Each structure stands twice: as structure tokens, then as C-alpha cells.
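Just below is one structure, and these are the notes that go with it.
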Amino acid sequence: MLISAVRRISGDSLARNSLLIMATTVVNGGLGYLYWMLAARCVPASEIGTATALISAATAVSMIANLGAGHMFIQRLPGSAAADWSRIVSGGLIFGAAATAAAATAGAMIVPRVSGNFGFLAGAPGAAALVCAAVAVTLTTLLDNVYVAHRAGHGMLVRNLAVATGKILALFVILAFPVPGVDWAEAVLISWTVPTLLVSALTVMFGPGRLRPGARMRPAGILAELPHLRTALTGHHLINLTQAGPAALLPVLVTAKLGSDANAHFYLAWMTASMLFMVSPAVASALYAERTNAGSAGLKRASAVVLAVVGVPTVVLFVAGETILGLFSAAYAIEGGPLLKILVLAALPDAVTNLAVAHWRSRGEFRLCRRLNAVRAASCLLLAWLLLPPAGVTGAGVAWLIGQTASALLVAALALRPRKAQGQRKTGPRSLNTTMSASRSCVPTGSGKTQLTRRFR
């Protein structure tokens with residue numbers, strides 16, 4: 001039975017690559033636990049809070065400034081010639097990293113003046129740390145999407161395993177052999193950033209030839225990618241921004257409203273729950289990649305994969321979440337336990353929205369995707385801003401749950417409305433469960449572009 005199940009999975013590219021993407025999440029989550037457990041037991045909570053606040057700010061900057069190149073890769077790389085492939089990837093990485101560096105520099109100058117809790121960003125060292133961390137996040141995100149575009153989840157798994165292992169080894173070395181003049185927060189940040197940049201550089205050097213024979217990274221001709229990046233910016237990036245924005249900005253809001261000490265407790269509970277939140281985006285990315293590769297993956301299969309993976313972990317985290325947080329320290333369990341339960345409950349509505357957005361994105365319905373994600377983002381961030389001072393870190397979890405539930409209810413309303421209309425008359429709008437014959441407008445054409453891009457333009 002086990003052998004037959006493995007064969008079925010290996011023959012189903014949606015399930016195979018979804019599981020590989022999720023395996024990457026498990027690796028990052030499991031080894032991330034070891035990393036932060038080591039840091040939490042050796043570094044004061046205030047220093048952990050400063051490091052996590054800077055990493056959260058870097059993640060937010062990267063999310064805002066990466067230009068949407070990742071989903072552009074998924075859309076354009078399948079079927080492209082080696083020369084086109086090299087130009088697409090080189091342009092996306094170079095312009096994405098440059099935009100991220102510029103945004104991080106601007107953020108380091110503006111944010112400390114707006115919020116005193118981000119005073120550690122002021123000055124050249126803080127700006128340099130934010131720039132390096134943000135560029136590291138952008139590079140690893142975009143490179144992961146290159147592997148997703150080729151349905152090569154195994155390569156992404158190996159790459160992230162190297163990054164996570166490198167972080168632990170770097171932290172262990174820095175803690176064992178402290179560098180004079182480097183405080184604990186800086187040590188944690190260095191151990192987090194340097195391995196990410198190093199593995200990204202190695203991926204750029206050796207990865208292209210394995211994914212696309214004859215391709216290599218080169219800056220020649222990348223100016224031709226600017227129109228495509230502009231299209232990705234107004235299409236995919238706005239969808240990604242409204243989808244990933246709350247997750248990236250919540251830790252920043254916690255720091256701004258409650259301080260870095262509170263963010264340390266929030267961040268570890270958030271990191272624990274994120275093992276659930278990363279499942280549905282992984283399956284959604286695999287679903288979108290399947291359809292851009294002319295696959296026939298459907299929402300039912302994608303939903304089944306999500307439920308099969310998150311079912312048991314959801315129960316475990318809800319029941320034993322405080323015990324898991326207690327591995328860091330008793331204080332983390334007391335402060336983050338209720339928050340973790342609330343976050344776990346939000347995993348299901350989050351999955352509903354993410355799969356719906358992937359489905360509509362593959363059909364070219366970008367405006368609908370943006371509006372749905374905008375409801376989720378506005379609800380989460382506005383409620384978090386209002387609830388954080390009176391409710392503490394738990395307020396951020398309540399805001400996240402309400403925002404996810406609101407967007408899931410909107411998905412249900414949108415899915416049921418076409419069905420009702422079709423029941424009243426035979427010619428009605430397409431329902432959410434329209435077959436793949438209606439979504440093949442995103443199949444790559446011979447020129448390496450897609451009809452989806454033409455429709456969007």
C-alpha cells in the first residue's frame with residue numbers, strides 16, 4: 001500500500017511538488033525551531049526581540065519591493081529558450097535585489113523617525129543590516145520561485161536545507177566564539193543573513209544549468225525585461241502584496257505598538273503557527289505552476305492535499321501549543337500560548353482564500369484576486385492596529401483570524417453566486433469550479449510569452 005501511494009504521488013506532479021514545497025516548509029520550520037531555541041536559551045529576550053524585529057522589517061521590505069518577479073518566473077519560464085530563460089531570471093534577480101536595497105535604505109531613514117521602537121535602524125550599521133537582510137530574503141524568495149516554475153521542488157528543498165543548516169552552524173560558531181564589538185542582536189542577525197546570501201550566490205552559479213541546459217546568469221539584455229517587470233508589478237505583485245502583506249507587517253506592527261520584547265514572544269508563536277500557514281500557499285503555487293505548464297490540476301485535488309497535510313498538525317498545535325512554546329522558556333509559553341491557539345484556528349479560512357486566489361489568478365482574473373486579498377489585508381492590519389495596545393500580542397492573533405474569516409466568507413459568496421445565476425438561466429457567469437478548458441488561456445505560446453500576459457495587458 002505504501003509503495004502504491006508513493007507511486008501515485010510521484011506520478012501526480014501537483015501532489016509531488018506540493019509535498020516537496022511543504023517539505024521545504026517543514027525543513028525550515030524544524031531547523032528554524034532549533035535555531036531560535038538555541039538563540040532564545042543563550043541570548044536575552046530583548047536582544048532576540050531586536051533581531052526578530054529587524055528580520056520582520058527586512059521581510060516586509062522584501063515583500064514590498066521584489067517587483068512580483070517570482071510569479072513572473074512561474075508564468076514565463078516554462079517552455080522558454082535558454083537565452084530567454086537567462087535574461088528573464090537575470091533581470092528579475094538583479095532588478096528585484098536593486099529595488100529591495102533601495103527600499104530598505106529608504107526604510108532605515110524613515111521608520112526610526114516614525115516609531116521610536118525601531119531606533120536600532122538609525123545610523124549606517126542599522127541601515128546596512130536592514131539592506132543585507134532584505135536582499136537576502138528577496139533572493140531566496142525569487143530563486144525558490146524559479147524551482148517552482150519548473151516543478152523542481154526537490155531542488156528548492158535541498159537549497160533551503162542548506163540555508164537552514166547554515167544558519168544553525170553560523171549561530172553556534174558565533175555564540176561559542178563571540179566577536180569583540182558585536183552585540184548579541186548583531187550576532188543573531190549575522191548568523192541569519194550570511195548563510196542565506198551565500199547559498200543564494202551558489203544557487204546562481206550552479207543552478208541554471210541544471211534547470212535549463214545551456215542557460216547561465218548574465219546581465220546582457222536585461223533592460224528588455226523592464227516592460228515585463230512593469231506588467232508583473234501591476235498584476236502579480238499587487239496580488240502578492242495584498243496577500244503576503246499582513247503576514248509580513250504584523251510583527252512590525254507588534255514592535256511599533258508594544259516594543260521589541262513583546263515582539264519576541266509574538267514572533268516565536270507566529271513562527272510556530274506559520275508551519276500551517278505555509279501549506280496552502282505552497283499548494284497554491286504548485287497549482288498555478290501546473291496550469292502554466294498546461295497541466296490539468298483542479299481545486300478538489302489541491303484542497304485534498306492541503307487537508308491531508310494540515311489536519312494532524314493543526315490538532316497537535318492547538319492541544320500542545322503551550323508545551324511546544326515552553327521549549328523556548330516558560331515566559332514564551334505564558335505569553336504566546338493563547339495567541340498560538342487563535343492563529344491555528346485561522347489556518348482553514350486562510351487556505352480557502354489562498355486556493356481561490358491561485359485558481360482565479362490562473363484564469364487571468366487579477367482584479368478579483370486583488371480585491372479579495374485587499375479585504376483580507378485591510379481587515380487584518382486595521383484590526384491589529386486597534387487591538388494591539390489593549391489586548392497585547394493576542395490582539396494581533398484576533399485580527400488575523402477575523403481577516404482570514406472575512407476573506408473566506410467572501411470566497412464562498414463569490415463561488416455560490418454564479419451557481420445560483422446558472423440555476424436561474426442557462427447562460428450565466430462562470431463558477432469557481434469551471435473546468436480547466438476555461439483556464440487554458442494561460443498556456444505558454446511558442447514565443448515564450450503567454451496568452452495570460454496578453455489578456456492582462
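The numbers here are math on the coordinates, done by the rules we state, and not lab data. Bear in mind the structure is a predicted one, so any value in this text is a computation, not a measurement. No Cβ is skipped: glycine too gets one built from the backbone with ideal geometry, and neighbour counts run over all protein chains shown.
Return the aspartates and glutamates within reach of LYS300: Cα separation strictly under 17 angstrom, same-chain partners fewer than 8 residues apart disregarded; answer none if there are no such residues.
ASP12, GLU290, ASP350
If the cut-off is 12 Å between C-alpha atoms, which aspartates and glutamates fall inside it for LYS341, apart from same-chain ones fewer than 8 positions away?
Partners found: GLU322.
Per the helix-only calculation at 222 nm, which mean residue ellipticity applies to the chain, given -39500 (n - 2.57) for every DSSP H run of n ≥ 4 and division by its residues, nearest 500 deg cm²/dmol?
The helix contribution divided over the chain gives -27000 deg cm²/dmol.
Measure nothing but the geometry: give the 0 to 90° angle between the long axis through the Cα atoms of 45-65 and the longest principal axis through the Cα atoms of the chain, rounded to 10°.
Rounded to the nearest ten degrees, it is 30.
Taking the simple approach of a point 7 Å from Cα along Cα-to-Cβ for both ASP183 and ALA122, what is their distance in nm?
Each label point is offset 7 Å from its Cα along the Cβ direction, giving 1.3 nm.
Taking the chain as the reference, fit the longest principal axis to its C-alpha atoms, fit the long axis of helix 299-325 to the helix C-alpha atoms, and give the angle between the two in degrees, 0 to 90, nearest 10.
The helix 299-325 is inclined about 10 degrees to the chain.
For the range 263-396, take every pair of Cα atoms, bin their distances at 10 Å starting from 0, and report each bin as a whole percent.
Binned Cα distances yield the sequence 12, 36, 31, 17, 4, 0.
Can you give me the angle between helix 279-292 and the longest principal axis of the chain, using Cα atoms only, in degrees from 0 to 90, rounded to the nearest 10?
Once rounded, the angle reads 30 degrees.
Could you calculate the contour length gain from ALA331 to ALA412, that is, 0.36 nm times the residue separation minus the distance between their Cα atoms, to one decimal place in nm?
Here the segment from ALA331 to ALA412 would lengthen by 25.2 nm.
Sort largest first and round to whole Å: the equivalent ellipsoid semi-axes of the range 13-456, each the square root of five times a Cα gyration tensor eigenvalue.
34, 27, 20
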